1. So with the 1.4 Å probe, I'd like the accessible area per residue for the range 72-179, rounded to whole Å².
2. What does the convex hull of the Cα atoms of the range 99-202 come to per residue, in Å³, rounded to a whole number?
3. Name the shape class, rounded, prolate or oblate, that the alpha-carbon gyration tensor gives for the range 250-293, where a ≥ b ≥ c are the square roots of its eigenvalues, rounded holds for a/c under 1.5, and otherwise prolate holds if a/b is larger than b/c and oblate otherwise.
4. Label the range 1-144 by shape, choosing from rounded, prolate and oblate, from the square roots a ≥ b ≥ c of the eigenvalues of the Cα gyration tensor; if a/c is under 1.5 it is rounded, and otherwise prolate applies when a/b is larger than b/c, oblate when it is not.
5. When the chain is modelled as a GNM with alpha-carbon springs shorter than 10 Å, which of 291, 153, 210 fluctuates the most?
6. Can you give me the % of accessible surface on the range 1-88 that is carbon or sulfur? Probe 1.4 Å, all protein chains present, nothing else counted.
7. Translational diffusion coefficient of the chain at 10 °C, 1.306 mPa s, Stokes-Einstein with Kirkwood Rh over Cα pairs, in µm²/s as a whole number.
8. So how do 260-271, 11-22 stack up, highest first, on mean other-Cβ count within 10 Å?
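The values are calculated or read from the model by the stated rules, or taken from the named source; none is laboratory data. Every value quoted in this text rests on a predicted model; they were computed, and no experiment measured them. Positions of Cβ are generated from backbone atoms using ideal geometry, with glycine treated the same way; all protein chains shown enter the neighbour counts. Accessible surface is based on the protein model in full, side chains and every heavy atom, while ligands, DNA and RNA are left aside. Shrake-Rupley method; radii C 1.70, N 1.55, O 1.52, S 1.80 Å.
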Amino acid sequence: MEPEPFDLLTASEALARSRYDLLRAVRAEVEPGDPIPSLDAVRLEAQYPVPWTRRQEWVVLDGDRVAGWARLELEDLDTNRHLAECKIEVARSDRRRGIGTQLLDAVGSAAREDGRTVLGTVASQGAAAEPFLAAVGGQNRQVFRVSRMQMAELDVDLMRAWVDGANERASGYTLVGWDDPCPPEYADAFSEVVDVMNTAPLDDLDWEDEHYTPEQIREWQDRLAKRGHVGWVYAARDDATGHFAGFTEMGFWPWSPELAYQGDTGVHPDHRNLGIGRWLKAAMVLRLMDERAARAVETGNAGSNRPMLAINEAMGFRPHRIGGFWQLPLSS
């Protein structure tokens, strides 16, 4: 049993189904009770990947059954050309057979051939991936927290107070919003404010700032829409300059109708301490309450990002899962 190239879009129905069965089993193990995308949704994700990312995949077969799977992702942006990202999944019953090591070797070799020197991945706290990554020389470079807020417990009066407070403290700003894709008149301002995410804590991660053009953002939003994703954005516009001071995102997947996903939220350092972050997030969750039947909202933050965690905790977000961003040096 050795890794062989795999493509979900061209695989036989039986092989695709076996790959999907492994995905479901691993997701249920590391994210118990969480929604799992359908096979059709997984196919759409493979058909419409991140525009600036190249992918390679492998499977290890035990007869006709997929015992292990791996994916290598290589970004072709101007920065972080030394990095590669991977995912590796091995069925619980097939662990300690060397399958994970074989898949890691295949991923590492392909990454090195592309000139990459650092391999990154994500592991949930307590999952089998943690001791495996430690054994092969990986390090947990950043702890992150996935949090959930139950909409039934939302303090609506507090959210309205945050919005009202912004009208006083941030009186020189206007809230603007849209559903993806970003309207052309906001494209430049939005691509600029997205850069604020480069100020988020990195802890010990080997990571360079990344920048996205309006065209890249539009293409990415178009691909998400083809997968069935719906995205909302609110931005705080500085009326004096027309630039955006901050933004927040929320997204929805058709295979997870009861769960909304709070995406990036950021405020430019020049515009902080005015309540803009609270304003943006409160306005977004109030819209969610009015327009969607979601029972909960999920978000993720670096464990060291205390300012954003403080806002989330005040809103009612509680820890749901802890994980880590691991990085492994690739020897030449």
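1. Accessible surface, normalised per residue, equals 51 Å².
2. 223
3. Oblate.
4. rounded
5. It is 291.
6. Here carbon and sulfur together make up 47 percent of the probe-accessible area.
7. 74
8. For the peptides 260-271, 11-22, the packing ranking is 260-271, 11-22.
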